[in-house]
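J.: Here it is, the structure, as structure tokens.
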Amino acid sequence: MRARYGIPLGITAAGAAGLVYAAGFEARSFRLRRVTVPVLPAGMRPLRVLQVSDIHLVSGQRKKQRWLRSLAGLRPDFVINTGDNLSDPEGVPEVLDALGPLMEFPGAYVFGSNDYYGPKLRNPARYLIEKAQGRHGLNGNDPAANVIHNPWEDLRDGFDGAGWRNLTNTRDTLKVEGVTIELTGLDDPHIKRDRYAEVAGGPSGTADFSMGVVHAPYLRVLDSFTADGYPLVLAGHTHGGQLCIPFYGALVTNCDLDTDRVKGLSTHTSEGRTSYLHVSAGCGTNRYTPVRIACPPEVTLMTLVGRE
């Protein structure tokens, strides 16, 4: 009897232990990624930008809220929020409270699909199936139906009230100690809300530095930003793969970006031009899959320095 059931029970126990680790420890093991990006004009002073993404806050996530509030101690020059703040329609007040200290700094934001719509329970295997079929988000899939509508207007009003720039298919600028930073943003390509034609044309040439901001790093968007001459593009959405294989990496990106660039700093080339791309692995998860494997939650502090 022992020999007959020992192996299945052992596998079950190992699986349960792995689930406890993925949900109870790794998904709450918040990290700070630091990168240096040589994109500024020569001679310009370095700029420190904090990118926050994919918070997916659910009411009651006190540890995550405390950690987000503590990030103000990094004293960034400005903050970029690349969307998916919510995973709970009741979570807006707690998001605004958690980000309150960071909203004391200059900042800007774009929204992701989870800011507009509540999450749905999905089989994680569907991401692999959709990848194999070349289907991502609403790109080839049916429009979302019977979904919860999140109070994104309240989130927008809170960010705007703090002075953060709304980059929904538009351009805006930040002033940081005499430096003018031009920001060009898009609404979420994952649900086909991006309108690049409304912001096309590349950097204006009147700012000291220009960059692109978007939630989901779809190739059509990266191609446009890069071809237009933006030296840096910031995105989130991928969760770094979220459920990764140790020593191998991510299996999916939940968009048409390749898994080699699922998180961190890389480059993108289009029409003979090359931009730096930074994809945040984010600091949250969908409320129905609150686990991470070999992909801890994170935010990124980027130091932008002069080009070599």
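J.: Considering only segment 30-52, state which residues are part of a strand (DSSP E or B) and loosely packed, with under 15 Cβ neighbours inside 10 Å. Talk me through it step by step, then tell me what you get.
T.: Kept after step one, since they are part of a strand (DSSP E or B), are these residues of segment 30-52: 31-40, 47-52.
Answer for segment 30-52, where residues must be part of a strand (DSSP E or B) and loosely packed, with under 15 Cβ neighbours inside 10 Å: ARG31, LEU32, ARG34, VAL35, THR36, PRO38.
J.: Next up: Is it true that ALA227 is under 20 Å from SER53 (Cα atoms) and not polar (S, T, N, Q)?
T.: On the way: under 20 Å from SER53 (Cα atoms): no; not polar (S, T, N, Q): yes.
So ALA227 fails the test.
J.: Hey, another quick one. Within segment 130-147, restricting attention to residues that are surrounded by 11 or more Cβ atoms within 10 Å (Cβ to Cβ) and touching a Lys or Arg at 6+ places or on another chain (Cβ under 9 Å), which residue is modelled with the lowest pLDDT? Walk me through it before giving the result.
T.: Within segment 130-147, the subset surrounded by 11 or more Cβ atoms within 10 Å (Cβ to Cβ) is 130-131, 135-139, 141, 144, 147.
Imposing the further condition that a residue be touching a Lys or Arg at 6+ places or on another chain (Cβ under 9 Å) reduces the set to 137-139, 141, 144, 147.
On the way: GLY137: 72, LEU138: 64, ASN139: 63, ASN141: 58, ALA144: 64, VAL147: 81.
The qualifying residue modelled with the lowest pLDDT is ASN141.
J.: Which numbered condition in (1) open to solvent by 20 Å² or more (accessible area, probe 1.4 Å); (2) of a type outside the set (A, V, I, L, M); (3) outside any loop (DSSP other than H, G, I, E, B); (4) more than 20 Å from VAL52 (Cα to Cα) is the only one that SER266 fails?
T.: (4)
J.: While we're here: Could you look through segment 167-206, keep only residues that are among the hydroxyl-bearing types (Ser, Thr, Tyr) and closer than 25 Å to LEU47 by Cα, and pick out the one that is surrounded by the fewest Cβ atoms within 10 Å (Cβ to Cβ)?
T.: Looking only at segment 167-206, we keep the residues that are among the hydroxyl-bearing types (Ser, Thr, Tyr), and these are 168, 170, 173, 180, 184, 196, 204, 206.
The next check asks that each one be closer than 25 Å to LEU47 by Cα; those that pass are 168, 170, 173, 180, 184, 204, 206.
Numbers: THR168: 17, THR170: 16, THR173: 15, THR180: 14, THR184: 26, SER204: 12, THR206: 9.
Here the answer is THR206.
J.: Which residues, taken from segment 207-263, are assigned to a loop (DSSP other than H, G, I, E, B), surrounded by fewer than 21 Cβ atoms within 10 Å (Cβ to Cβ) and polar (S, T, N, Q)?
T.: Across segment 207-263, the qualifying residue is only ASN254.
The rows are residues; the columns are (1) more than 11 Å from the chain's Cα centre (by Cα); (2) at pLDDT below 95; (3) of a type in the set (A, V, I, L, M, F, W, C); (4) over 30 Å from GLN65 (Cα atoms).
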| site | (1), (2), (3), (4) |
| --- | --- |
| LEU232 | yes, no, yes, no |
| ALA235 | no, no, yes, no |
| GLY241 | yes, no, no, no |
| GLY249 | yes, no, no, no |
| ARG273 | yes, no, no, yes |
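Matching residues to (1) in contact with a Lys or Arg (Cβ under 8 Å, 6 or more places away or on another chain); (2) under 25 Å from THR168 (Cα atoms):
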site: ASP228; (1), (2): no, yes
site: LEU232; (1), (2): no, yes
site: GLY240; (1), (2): yes, yes
site: ALA250; (1), (2): yes, no
site: LEU277; (1), (2): yes, yes
site: CYS283; (1), (2): yes, yes
site: PRO290; (1), (2): no, no
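J.: Would you confirm whether or not segment 276-297 contains a residue that is open to solvent by less than 20 Å² (accessible area, probe 1.4 Å), among the charged types (D, E, K, R) and part of a loop (DSSP other than H, G, I, E, B)?
T.: Yes, some residue in segment 276-297 is open to solvent by less than 20 Å² (accessible area, probe 1.4 Å), among the charged types (D, E, K, R) and part of a loop (DSSP other than H, G, I, E, B).
The values are calculated or read from the model by the stated rules, or taken from the named source; none is laboratory data. Here the structure is a predicted model, which means the values were calculated and not measured. Cβ: placed from backbone, ideal geometry, glycine included. Neighbour counts: every protein chain shown. Ligands, DNA and RNA are stripped out before the accessible areas are found, and what is left, the full protein with its side chains, is counted by its heavy atoms. Shrake-Rupley method; radii C 1.70, N 1.55, O 1.52, S 1.80 Å.
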